[in-house]
Every structure is written in C-alpha cells, then in structure tokens.
Amino acid sequence: MRREEGLFRKLPADNDRIDFSSNDYLGFARSPELKKLVDAELDSLSIPGKTGFGSTGSRLLTGDSRYAAELERFIAGYHRADAGLIFNSGYAANIGLLSSVARKGDVVLYDELSHASIYDGVRLSKAESFPFKHNDVAHLEERLKFFRSRSAPGAALPQEIFVVVESVYSMDGDFAPLIEIASLCEDYQANLIVDEAHATGIFGNKGEGKVAELGLEDSVFARVHTFGKALGGHGAIVLGGEALKDYLVNFSRAFIYTTALPLHALVVIKSAYILLQSISNNMFNFNNLIHSFIDNVDIQKMPGFLKSYSPIQSLVIAGNEQVKEVAVRVQADGYDVRPILSPTVPRGKERIRICLHAFNTEEEIKGLFHSVKRHTAKLPENIFAGS
C-alpha cells in the first residue's frame, strides 16, 4: 500500500551535498571545539567502574551516577528551573511526561500541529484529549471555558487540565503565542507544557529557549529541552519542580524501564552547554543569516514560502509527487533538502523543509535560491500553498 502511494520509506545514504536539512542548527554535531571540550572533560574524570561505554542499566538500577545528577542540576539552573530529569530522547521525554502526568479524569488540550511524540504521549495517557487550531488562542479559550464549566449532562469536571504546545513548530518554523497561552492557562487553572526542542540553543540570551526569553518560567508546569538538535548530542530533559521530577522517577515508564544514557553522552551534553555560553558572536551572525534568507524570499517574490523567523523555513508545494520531484532536482544541484509528505503534514501542505545553520554561507543560500527558483518556475501558481 505504501509503495503504491509513493510513501514507502527507506533509510537515506550519506551524501556530500550542502546541508540544508539537518537539525544541527549551530553546527555542534560537527564542531571541533565541542570535541575538544568533550575530550578534556573525559580525561578529567575518574569515576570508579565507569569506562564511558554502556551505563549498564536503568537509572533506578545500576545506570545512575553522581555525574548525571549534577548535570541535571546544572541544566535546570541554566534554564532557570527548579529541577530536571534526563530522558534518552525528545520522543521518550514527551512520551514519558504526557503518558504519566495526564491521568484518568484529566483533560489534555494540544495544538493540532504538535509533534508525533506529543500525539503518542497523549494517546498513551488515560486522559481525555482534544486538539485546538494551530496557534489559535480564541479556540483554545473556547476549549478551556467548556471544560472548566462542562455543560454536558452528567459530565464531570476535569481533575486537571493540561495545555501542550511547542515554542517553535518543527514544520512551519513559527512561534507559539506563549504569553497569551500562559495567561489563559492562569485564568483557567490549566497546566502549561512547552516542548522547546527547536528553541533550545537558539532563542534566549544564552540559548535557554523561548520560555526563558519571555520570562515565563514560573507560568509553565513543564518544559522539554532536547540535546539532539542545536546542541549536537543526544537525549532530552524535562524541567519543572522537584515534585514533578519525583513523580516522573516513580511513574514515567519511559524513564523507569530503559537503560540510562552512557557517560560519554552525558559529557557531550554538558560540554555543549559550556560551548553554548561562548558563541554570542556566532549567534549574531546566525540571526543575520536567517533574516537574509527571509529578505531573499521577499526580494525575489518567491511564492510558497511560509513566514518564519526561526532556522526552519518551508516551501509549500501541494502534492506528494510534485514536492518530491522538485526536491530531487534541487538535490541534484548539490543542496541537501528533503520533501515532507502527507500524512506527516496535512494533504495540500506538502513541503520542502529547509533548515538553516550557523555554518551555511550567503553564497550557499544564493545558490539554493537559484536552484529552487529554476525548478519551480514552470509550476502552476495554484500549487504553492504558502502564505
């Protein structure tokens, strides 16, 4: 069925094209500076019984360490949170958080464009769950008002309401209206959960994320920061209060029943945060690069691009076959872009997702624009679904 519909997935091979597709926004995954920091940290450690390879078990059995606990405190302080708990990936963090904190009798309201890990975490919980229109504060308030009053005959009021959003959305690259959403959550006594996967390392004075940038730390019940995107490592952390951390240690199956991250992975995470504090000039240049890309879209009057002030830019070309064909042609010109097909995105919103990086150059961006423009010039205007 998937083969017939052109949706059969294959693992991509390595290529030497110019990277406009990975989530390595700051280039940390390829950074010689980060490697030096990691090597120095490993050399400085003397932890009995720890070789730097496998962690040997779950955190609750043999996989815990003083290093992991100290790292959690360090990261929590970095993001101005009380406590944090490290998970093996962003997917595991969202699954582990949402499936455990939202219980029977609770209600979860989530943005309709939320990541698959949020959908899956909500589905694994025993709570009722309902989407609200993307970034639509009025629709969210309608939902909140309904469930706080619960006018249906015989319907019980929810014990708790959770509102789940991403600070930066992974496909459109736009921002959640966090100030307005946090205010609504306060008015309706709802718990706000923010996935900061694509904001970590990029937004805030030191890459602390959008929540810290906006001063909303005390208005958010839980934040999820991942280490596999801008920080160039692996894993994630759930930030919140000490009570939340204790709860997850006792009830989050995605944390309890998995082997812990090995020491080397933890060292990479710590080293990435240290490096993050020293790259203010690079971030200034990166922001200029993002704005240069946006200006090029406007100057060249290219249809189909969604407006985004993040590293994530999307050229919407309706139809799986059409967007795949354009992507293949752009790849042949030496630019590594990838098509995003429905049902990963809604039908008619298929797109080429372009990720900008601190290591990309103005010349590379100009070349990418030239390639995209050349291969979309003869497409009918109504195939572009951008705004």
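List of remarks:
- Calculated [θ] (222 nm, deg cm²/dmol) that DSSP helices of n ≥ 4 give over the chain, each run adding -39,500 (n - 2.57): -12000 deg cm²/dmol
- DSSP finds beta bridges in the chain, and of those with both partners inside it, around 50 percent are antiparallel.
- Local electrostatic count at GLU142 - Lys and Arg +1, Asp and Glu -1, tallied over other residues with Cβ under 12 Å: +2
- Taking packing as the residue-averaged number of other Cβ atoms within 10 angstrom, the listed peptides 131-138, 253-260 run from highest to lowest as 253-260, 131-138.
- Scalar couplings 3J(HN,Hα) for region 163-174, obtained by applying the Karplus form with A = 6.51, B = -1.76, C = 1.60 to θ = phi - 60°, are 10, 10, 9, 9, 6, 10, 7, 6, 9, 8, x, 8 Hz; x denotes Gly and Pro.
- Between PHE175, TYR273, THR56, the Cα set farthest toward the positive side of the dipole of region 45-276 (charges on each charged residue's Cβ, about the Cα centre) is that of THR56.
- Percentage relative contact order, the chain, counting C-alpha pairs under 8 Å, at least six apart: 22
- Length added when fully stretched, ALA243-ALA377, from 0.36 nm per residue minus Cα-Cα: 42.6 nm
- With all pairs of different C-alpha atoms in the average, the Kirkwood value for the hydrodynamic radius of region 45-276 is 18.0 Å.
- Region 169-318: projected area of the alpha-carbon convex hull, averaged over directions, in nm²: 11.7
- Summary of the geometry: region 157-196 and region 62-115, compared by the centres of their Cα atoms, lie 16 Å apart.
- Calculated diffusion of the chain, Stokes-Einstein form, Kirkwood radius summed over Cα pairs, 37 °C and 0.692 mPa s, µm²/s: 148
- Cα centroid separation, region 297-317 to region 338-387 (Å): 8
- Cα centroid separation, region 250-281 to region 120-141 (Å): 28
- Rg ratio (alpha-carbon, reference 2.2 N^0.38 Å) - region 139-194: 1.28
- Orientation-averaged projection of region 81-174 equals 6.9 nm² [convex hull of Cα atoms, one quarter of hull surface area].
Every read-out reported here was derived from the displayed coordinates using simple, explicitly stated rules and does not represent laboratory data. Since we're looking at a predicted model, the values are computed, not measured. Heads up, the Cβs are rebuilt from the backbone with ideal geometry, glycines too, and the neighbour counts pull from every protein chain shown.
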